[in-house]
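**Q** Pasting a structure here, questions to come.
Read-outs throughout are calculated quantities, based only on the coordinates presented, and are distinct from any laboratory measurement. Note that the structure is predicted; figures quoted are calculated from it, not measured. Neighbour counts run over all protein chains shown; Cβ positions are idealised from the backbone, glycine included.
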Amino acid sequence: MKKSFRLFGFLLKSARTTVIFMVGAGVMAGLFSAAILAFVSHAVHRAGRVSTLLILGFVALALGKIITNAAAQLLLVRFSQTTILELSLSLCSKVVRAPLRAIERRGAASVLAVLTDDVASVTWAVQALPQLAMNAAVVSGCSAYLAYLSPRLFGCMVVVTILGAAAYRLLHTRAFARIYAARDARARLFDQFRGLTTGIKELMMHRGRRDAFILDEITPAASDFRAHNMAATTHYALAEAWIQTLYHSLIAMVIFVFPIASHPTQETLTGYVFAMLYMMSPLWSIISAFPVVSRGQVALTKIEELGVSLESDVAQLPAAEVPSALNAEQDVAPIRLSGIEFHYDTGDAGATTDRPFALGPLDFTLAPGELVFVVGGNGSGKSTFVKVLTGLYAPHHGTVAVGDAAVTDATREWYRDHFSVVFADCFLFSSLLGLTGADVDADARRYLELLQIDHKVSVRMGAHGREFSTIDLSTGQRKRLALVTAYLEDRPFYVFDEWAADQDPEYKHIFYSKLLPDLRARGKAVVVITHDDRYFHMGDRVVKLEDGRIVTWEPAPDLASEGRSVVIAGG
């Protein structure tokens with residue numbers, strides 16, 4: 001019962017006054033419809049005796065129904081679009097403010113399913129509400145009219161209806177459970193679709209893998225989704241068939257049993273048949289709205305689960321603030337990681353079933369004007385180290401400090417604003433979001449020319465600010481464009497995670513011999529995750545990670561001083 005009113009409670013919480021007016025208009029339209037029924041039934045039995053008052057009464061009722069119906073629809077359009085927009089924006093705001101680990105635990109497919117399918121389902125349920133209220137009012141009004149015609153017969157109908165409703169409730173409950181299961185199956189199928197689109201090249205290159213993916217991954221997920229939907233639809237179909245059987249049984253009782261048992265007047269008998277036939281369309285509309293509303297309730301539950309989960313994670317974070325102990329000079333003080341430990345839970349990304357991966361304990365210092373290379377094999381913890389260093393992950397133990405000020409949950413967002421990062425799996429936005437200033441255009445052109453991509457991309461003014469002319473580029477070109485964005489951010493600390501891995505030798509040369517020294521000369525602190533050992537002599541230190549720990553921390557080797565030649569492609 002509580003779930004049945006969850007959707008209506010959500011709507012009342014969103015805009016109580018608008019919902020009351022909208023539902024009220026629908027109810028009034030339904031009552032006007034019921035009044036028209038009673039009016040027409042009365043007029044038919046006047047045997048052609050028409051008066052001006054009768055005509056004016058009909059016109060007034062008809063206008064009342066038309067006006068209230070239109071008002072309900074107009075309020076619906078305004079309310080539903082506003083509510084869904086606010087719901088979507090609220091969810092997006094919670095997603096970007098939640099800790100990264102909370103998003104990763106939820107999974108991208110689950111979050112996307114909520115933002116797309118669930119929001120759409122709530123939209124359809126919201127749009128069904130005024131029509132549902134209107135039809136319920138019609139049925140209620142007609143029931144009141146029937147009670148007026150014959151209280152005794154109406155009492156019998158109520159008893160039969162209650163018995164039928166109990167059976168309907170059972171079928172509806174089973175259908176609702178199936179809808180809930182179908183929603184979870186839909187999220188799993190969505191995850192497989194994501195794998196299909198992102199891994200299409202790998203699938204096309206291996207027929208066995210492609211066939212197995214379709215047979216063993218997509219087919220079971222789609223079949224599961226189909227089975228739950230079919231079961232839910234079947235239960236609703238049986239429920240509808242049961243209601244139709246009950247309804248026609250009531251009509252048969254009125255026509256064949258009622259005249260023998262009570263000897264009603266012709267007007268009463270005609271009124272009952274007329275009213276019950278008039279109720280048929282609104283009644284079927286109410287029944288057909290149940291699956292839509294049920295899916296909306298399930299979707300709202302999933303939205304609330306995601307929202308509450310993310311909100312609880314966000315609520316645990318104090319309001320963002322800037323450390324009062326840091327002034328403008330200390331704002332670029334060294335970063336110190338002391339006794340840092342971070343671990344994944346069993347089953348998390350980055351963990352194995354038997355031994356979850358753990359980073360640390362480790363100590364690390366990064367000073368302004370310093371260039372540090374970080375190396376290590378696959379699974380050594382480089383990516384996790386980057387996320388802890390940049391504030392995306394909060395360490396479980398240890399301290400991250402800027403100067404003498406320790407980074408806390410309240411200052412973590414401020415801390416992240418000190419970094420420009422190009423991740424190994426970086427995402428490229430088409431717009432230069434958050435970048436303002438008179439020098440942005442000139443700097444962008446300069447960096448595009450330096451990275452030899454100005455013949456492909458330019459910066460222009462779009463509808464919402466500066467944007468790249470295109471991002472339809474190769475992987476290497478997209479990473480160069482991401483590097484341009486990082487440079488334009490002009491922050492104190494830079495982190496490049498395997499940036500050069502997808503670049504041609506000439507662009508590696510530009511990156512290591514021009515861009516990195518330029519950043520260091522400007523007082524920037526730079527961390528580069530790389531395997532390009534031929535360039536290590538250009539840095540200040542080389543840090544090696546192994547099994548989540550720093551095993552080597554030494555000055556960058558001067559290969560030339562050791563008598564070995566240094567060959568820089570393109571040099």
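**Q** Along the three principal axes, how long is the chain when you take its alpha carbons, biggest first, rounded to the nearest angstrom?
**A** 118, 52, 47
**Q** If you don't mind, there's one more thing I want to ask. Could you give the angle, 0 to 90 degrees to the nearest 10, between helix 266-315's Cα long axis and the longest principal axis of the Cα atoms of the chain?
**A** 20
**Q** Another question, if that's okay. Holding the Cα-Cα limit at 18 Å, pick out from LYS387/LYS544; LYS94/LYS302; LYS94/LYS387; LYS382/LYS544; LYS382/LYS514 the pairs that are longer than that.
**A** Check vs 18 Å cut-off fails for LYS94/LYS387; LYS382/LYS514.
**Q** Measuring from label point to label point, each 7 Å out along Cα→Cβ, what is the GLU546 to ARG522 span in nm?
**A** About 3.7 nm, to one decimal.
**Q** What's the center-to-center distance, using Cα atoms, between the stretch 428-468 and the stretch 350-421 in Å?
**A** Here the answer is 30 Å between Cα centres.
**Q** Relative to the longest principal axis of the chain, what angle (0 to 90°, nearest 10) does the C-alpha long axis of helix 52-97 take?
**A** Tilt relative to the chain: about 20 degrees.
**Q** Let me spell out the model: positive unit charges on the Cβ of Lys and Arg, negative unit charges on the Cβ of Asp and Glu, origin at the Cα centre of the chain. What dipole size does that give, in debye rounded to 20?
**A** Working: 54 positive and 54 negative charges, 575 e Å.
Result for the chain is approximately 2760 debye, rounded to the nearest 20.
**Q** I would also like to ask the following. Of all the Cα-Cα pairs you can form in the stretch 3-314, what percent are over 25 Å apart?
**A** Value for the stretch 3-314 (Cα pairs over 25 Å): 62 percent.
**Q** Can you sort THR485, THR234 by how many other beta carbons sit within 10 Å, fewest first? Don't jump to the answer; show the numbers that get you there.
**A** Working: THR485 20, THR234 14.
Ranked by crowding around the Cβ, least crowded first: THR234, THR485.
**Q** Each label point is 7 Å from the Cα along the Cα-to-Cβ direction; what then is the distance between the points at ARG446 and THR82, in nm?
**A** 4.9
**Q** Hey, if you put +1 on the Cβ of every Lys and Arg and -1 on every Asp and Glu Cβ in the chain, which of THR530, MET461, MET134 ends up farthest toward the positive end of that dipole?
**A** Of THR530, MET461, MET134, it is MET134.
**Q** Could you give the nm distance between label points at SER51 and THR197, where each point is 7 Å from its Cα heading toward the beta carbon?
**A** 6.8
**Q** Please give the helix 6-44 orientation as an angle from the longest Cα principal axis of the chain, in degrees from 0 to 90, rounded to the nearest 10.
**A** Compared with the principal axis, the helix lies near 20 degrees.
**Q** At 0.36 nm per residue, minus the direct Cα-Cα distance, what do VAL96 and HIS396 gain on full extension? Give it in nm, one decimal, please.
**A** On the way: separation 300, 0.36 × 300 = 108.00 nm, distance 2.14 nm.
Extra length from VAL96 to HIS396 when fully extended: 105.9 nm.
**Q** Starting from the alpha-carbon convex hull of the stretch 108-254, give the projected area averaged over all orientations, in nm².
**A** 11.2
**Q** What ranking of ILE162, ILE453 emerges when the number of other C-beta atoms within 10 Å of each C-beta is taken as an exposure proxy, fewest first?
**A** ILE162, ILE453
**Q** Please report Rg over Rh for the stretch 330-555, where both radii come from the alpha carbon positions and Rh follows the Kirkwood definition. Don't skip to the answer; put the middle values down first.
**A** On the way: Rg = 17.9 Å, Rh = 18.4 Å.
Using only Cα positions, Rg/Rh for the stretch 330-555 is 0.97.
**Q** Continuing with this model, one more query. Placing +1 at every Lys and Arg Cβ and -1 at every Asp and Glu Cβ, with all other atoms neutral, what dipole size does the stretch 39-137 have around its Cα centre, in debye to the nearest 20?
**A** Values: 9 positive and 4 negative charges, 35 e Å.
Approximately 160 debye in magnitude.
**Q** Please find the FRET efficiency linking ILE20 to ALA405, where r is the Cβ-Cβ separation and R0 is fixed at 41 Å, and quote it to the nearest 0.05.
**A** Details: r = 51 Å, r/R0 = 1.26.
That pair, ILE20 with ALA405, gives E of 0.20.
**Q** Continuing with this model, one more query. At 222 nm, what value in deg cm²/dmol follows for the chain if DSSP H runs of at least 4 each add -39500 (n - 2.57) and the sum is divided by all its residues, to the nearest 500?
**A** -19500 deg cm²/dmol
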